[in-house]
Amino acid sequence: MKDATFLVTAADEESAVLQDVTDSQVHTLSSNPGVEVGEVLVASIEPEPPLEVAWEVVDITDQRTIPVERSPEPPTQQAHEIAADQPVGEVTRRERAGDGELHILTVPEGDADDAAADVLDDEETLARAARLGVERVEVRADGQALSVRYLPD
């Protein structure tokens, strides 16, 4: 038996694939317990006998979606200052007051919108949000600054 937080990375009517957000291990379910791609589950799963190749869900204690959205707001002044002080391609992680995290990435001038789109489409953004236990993710981009805000509500 494995108890963990999972991201649903694939799902159809007959089966689903879960990724453990802590160790990145992937588990194929033998049936779909009513989940959709992009959902986050806190669940207990176990290998299905006799081959123990596929898994089955024993219990789901939480099932939710975490919105990942582009904000029309630009990054904060602090985010712009951090981005200006680090090389292109670097990321600074900061804990937020309370819960959550803030990631500031420095991108080449003119690439902020494309970088924001990449973050919005990256399933690792959702996996990190699930790992952090946040309720939503807000992406802000402008100039050379890209901020990813993992927020509690």
(Q) In the chain, if the dipole is taken from +1 on Lys/Arg beta carbons and -1 on Asp/Glu beta carbons about the Cα centre, which of His27, Ile82, Ala4 is farthest to the positive end? (A) Ile82
**Q.** Taking only Cα atoms of segment 45-86, radius of gyration then Dmax in Å
**A.** 21.8, 58
Q. To two decimal places, what compactness ratio does segment 2-65 give when its Cα radius of gyration is scaled by 2.2 N^0.38 Å?
A. 0.97
Q: Give the long-range amide H neighbours of Glu39: residues separated by 5 or more places, or on another chain, with amide H under 5 Å away, using H modelled in the peptide plane at 1.01 Å from N.
A: Val8
Q: Express the Stokes-Einstein translational diffusion coefficient of the chain in µm² s⁻¹, to the nearest whole number, given a Kirkwood radius over alpha-carbon pairs, 20 °C and a viscosity of 1.002 mPa s.
A: 129 µm²/s
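Placing unit charges on C-beta atoms (Lys and Arg positive, Asp and Glu negative, everything else neutral), compute the dipole magnitude of segment 46-149 about its Cα centre in debye, rounded to 20. Please report the intermediate quantities before stating the final value.
On the way: 10 positive and 26 negative charges, 94 e Å.
Dipole size: approximately 460 debye.
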**Q.** D_trans [Stokes-Einstein, Kirkwood Rh over alpha-carbon pairs] for segment 68-151, 20 °C, 1.002 mPa s, µm² s⁻¹
**A.** 171 µm²/s
Q) Can you give the helix-only mean residue ellipticity at 222 nm for the chain, where every DSSP H stretch with n ≥ 4 adds -39500 (n - 2.57) and the sum goes over all residues, rounded to the nearest 500 deg cm²/dmol? A) -5000 deg cm²/dmol
Q: Please work out the Cα center distance from segment 8-24 to segment 43-73, rounded to the nearest Å.
A: 6 Å
Q | Amide H partners (placed H, <5 Å) of Val58, local residues excluded | A | Ser44, Ile45, Glu46
Q | Mean separation of Cα contacts under 8 Å (6+ apart) over length of segment 26-130, as relative contact order % | A | 21 percent
Q: Would you grab the residues whose amide H sits under 5 Å from the one on Leu29? Only those 5+ places off in sequence or on another chain, please, with H modelled 1.01 Å from N.
A: Ala16, Val17, Leu18, Trp55
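All of the numbers you see were taken from the coordinates with simple rules; none came from a lab. Remember, predicted model here, so these are calculated numbers, not experimental data. Quick reminder, even Gly has a Cβ in these numbers, built from the backbone with ideal geometry, and neighbours come from all protein chains shown.
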